[in-house]
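Trainee: Here it is: the structure, laid out below.
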Amino acid sequence: MNIPSKNKHSFEEVMVALDKFTEGNVISMDLSKVEADSENNIQIALTVYVPESKRIEVRDKVADYLEGLIDKGDAALGYSVNLGTKSNLQKQQFDLVMRYTDPIKLKKPQVIRVYVKPVNAGGSGGGSAATKVQEVGMALFCAIRYMKNKDLECSPKSAEGCLEDKDYEDAWKFVDGPGVTLEEIKGLSQDWKDSFIKGANKIYSEIGGTGWEFLRGDSVIEAEISNRFKTVVAKDPKAHLAQEDKWNPSDIWMIKTKEKNNILTLLKKEKTTDCLNNFLQLAFTDAEIPTVAKKKVPRRSLIGISLKKLGPVPQWKTQNWVGVSRLKKAEAISFQKQLTLNELTAFSAIDVYIVLEKGGTKRKGSFQARNFGGSSKGDWKLELKGEFAAQGKIQGQIARDILKRAEFTDIPSEPNWSDCATTSTNRSKINEEIYNIMNGLSTSPKGFKAGKKDEMLRELRKKDQSYAYSKLCGLRFLKYLISKNGDANTILKELWLYASSLSDKSSVHYKLM
């Protein structure tokens, strides 16, 4: 390919830098793009293939050399060298910014982009099999770090810092990585082992604790996590997550050995996306979370870690963490029957407030159940009421779908909108049902006279279509909660988790990069 004269000097200096600093490590090169005469951002795209262990080194040395020439006044070379990408500074590529087509605002750069890829990238070697070995290798070195109870050394200065066969063998007992042998990990290059060492030290410093096992593709815990995705998340029409790694991209998992059976049992019970994610949040946190739930999730017992190739200094991020305060609030959600009955009115409003928190009121810590369709249609929803504003709504059918996925039965339906009209021949049946539910409550609603059926039915006949529809929907749901006793707490927690969701349906994990 012919390099345009305006880019030739910059390209030649890039080639000099590659020759100068790769010291024979460049196995092959692919000049995949050269713009003849355009204003496009990427003027030249160049890929060099080097051994995996040399990628960062080659990138940084070449970039430093070019940056040095610019600093010395080689204006024809360019403006700057940008490492990685905006979202990932560790990515093994760089841009030599030769010029800006808008030099005043320093916008619309024209660059030579250099990708530094491993020798087997895109080829037949390595691939997913190599990735599996590398991920199990990271799990093994984590086990070694925890077993030795001290940081591992990349270049030990004494025999005490060196790893022996016995270290690998003893730690292997705490690793479950089917399809990978200990010999395959021991046979990896020292560069990979150094990366494992840095990663294991970082994981220990961030997580700590004792009694861990390290899993990669095991047939028990990770298999059940994948099964939960397939049967719960992937089938959730609101999740919009078709791939498991979009929900949880963890490559390895840490699990407390003594909790393994308990975790498996609890995992299998999760039937909805929000409760599954809440379970993983509870197993992830180190905080003590009081709960009114029947099941108690052991804290800091199951942790997922997404692995990326490490840079010179390992980086650590927490992804999709909701925080301790929200977890505490979720675990405290319960059906406050008496407070709910205290808020209930007979004729002055169409609402039924379901109180969810101790000390809650209709303005805070409750679901407001009512018709949101006005006088023209039936649109019954549950709206979560917060301290300052409404926090989220659940349409009636969606609420029923959530509870069905959670395997609850006998969930009440909504009455037909047309039956609630004052002119409907079925309106008397609607009024009768409203009266019967109110009359059967242990605490009468405000304005209701228990046992005064004729008088109360006269009041009900005065009410419009929206009132009759809305009030009966709310009362049916209230009656259902009362009938479920302890399960009412779980029902409301399921709905609260859905209504209060502040993010997508992805689950919590750590990212090591």
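Trainee: Identify all residues within segment 468-500 that are more than 17 Å from Arg400 (Cα to Cα) and surrounded by fewer than 17 Cβ atoms within 10 Å (Cβ to Cβ); write none if there are none.
Mentor: Asn485, Gly486
Trainee: Can you tell me which of (1) under 30 Å from the mean Cα position of the chain (by Cα); (2) in a loop (DSSP other than H, G, I, E, B); (3) free of Cβ contacts under 8 Å to residues at least 12 places away in the same chain is the one Lys157 doesn't meet?
Mentor: (1)
Trainee: Give Gly217, Gly177, Gly199, Gly208 a once-over and let me know the one that is touching a Gly at 6+ places or on another chain (Cβ under 7 Å), closer than 16 Å to Ile144 by Cα and not acidic (Asp, Glu).
Mentor: Sole residue among the options that is touching a Gly at 6+ places or on another chain (Cβ under 7 Å), closer than 16 Å to Ile144 by Cα and not acidic (Asp, Glu): Gly177.
Trainee: So Phe372 ticks every box in (1) among the aromatic types (Phe, Trp, Tyr); (2) under 18 Å from Ala468 (Cα atoms); (3) in contact (Cβ under 8 Å) with a residue 40 or more places away in the chain but one. Which box is left unticked?
Mentor: Single failed check for Phe372: (3).
Trainee: Still on this structure, I have one more. Consider segment 394-453. How many of its residues are part of a loop (DSSP other than H, G, I, E, B), surrounded by 14 or more Cβ atoms within 10 Å (Cβ to Cβ) and acidic (Asp, Glu)?
Mentor: Within segment 394-453, residues that are part of a loop (DSSP other than H, G, I, E, B), surrounded by 14 or more Cβ atoms within 10 Å (Cβ to Cβ) and acidic (Asp, Glu) number 1.
Trainee: Considering only segment 28-81, state which residues are of a type in the set (A, V, I, L, M) and either closer than 19 Å to Thr101 by Cα or touching a His at 6+ places or on another chain (Cβ under 6 Å) (or both).
Mentor: Matches in segment 28-81: Val34, Ala36, Ile42, Ile44, Ala45, Ile70, Ala75, Ala76, Leu77, Val81.
Trainee: Could you please give the count of residues in segment 221-231 that are in contact (Cβ under 8 Å) with a residue 40 or more places away in the chain and out of contact with any strand residue (DSSP E or B) (no Cβ under 8 Å at 6 or more places or on another chain)?
Mentor: Count: 2.
Trainee: Search segment 272-285 for residues being modelled with pLDDT under 95 and not polar (S, T, N, Q), and hand back the single one that is surrounded by the fewest Cβ atoms within 10 Å (Cβ to Cβ).
Mentor: Cys275
Trainee: Additional query: How many residues are part of a loop (DSSP other than H, G, I, E, B) and not hydroxyl-bearing (Ser, Thr, Tyr) if we restrict to segment 208-255?
Mentor: Selection size over segment 208-255: 20.
Trainee: Within segment 295-312, how many residues turn out to be in contact (Cβ under 8 Å) with a residue 40 or more places away in the chain and either out of contact with any strand residue (DSSP E or B) (no Cβ under 9 Å at 6 or more places or on another chain) or of a type in the set (Gly, Ala, Ser) (or both)?
Mentor: Total satisfying the criteria: 6.
Trainee: Now for a different question. Hey, can you tell me all the residues within segment 312-327 that are under 13 Å from Ser500 (Cβ atoms) and either in a helix (DSSP H, G or I) or not β-branched (Val, Ile, Thr) (or both)?
Mentor: Those that are under 13 Å from Ser500 (Cβ atoms) and either in a helix (DSSP H, G or I) or not β-branched (Val, Ile, Thr) (or both): Gly323, Ser325, Arg326, Leu327.
Matching residues to (1) among the acidic types (Asp, Glu); (2) at positive phi; (3) at pLDDT 95 or above:
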position: Lys202; (1), (2), (3): no, no, yes
position: Gly208; (1), (2), (3): no, yes, yes
position: Phe214; (1), (2), (3): no, no, yes
position: Glu222; (1), (2), (3): yes, no, yes
position: Arg228; (1), (2), (3): no, no, yes
position: Lys235; (1), (2), (3): no, no, no
position: Gln243; (1), (2), (3): no, no, no
position: Trp247; (1), (2), (3): no, no, no
position: Ile263; (1), (2), (3): no, no, yes
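Trainee: In the list Lys471, Lys449, which residue meets the criterion of being at pLDDT 95 or above and within 15 Å of Trp380 (Cα to Cα)?
Mentor: Within the list Lys471, Lys449, the selection yields Lys471.
Trainee: Also, quick follow-up: I'm checking my understanding of the structure. Among residues of segment 481-503 that are under 19 Å from the mean Cα position of the chain (by Cα) and part of a loop (DSSP other than H, G, I, E, B), which one is modelled with the highest pLDDT?
Mentor: Ser500
The values are calculated or read from the model by the stated rules, or taken from the named source; none is laboratory data. These figures come from a predicted structure and were not determined experimentally. As a convention, Cβ positions derive from the backbone with ideal geometry for all residues, glycine included, and neighbour counts pool all protein chains shown.
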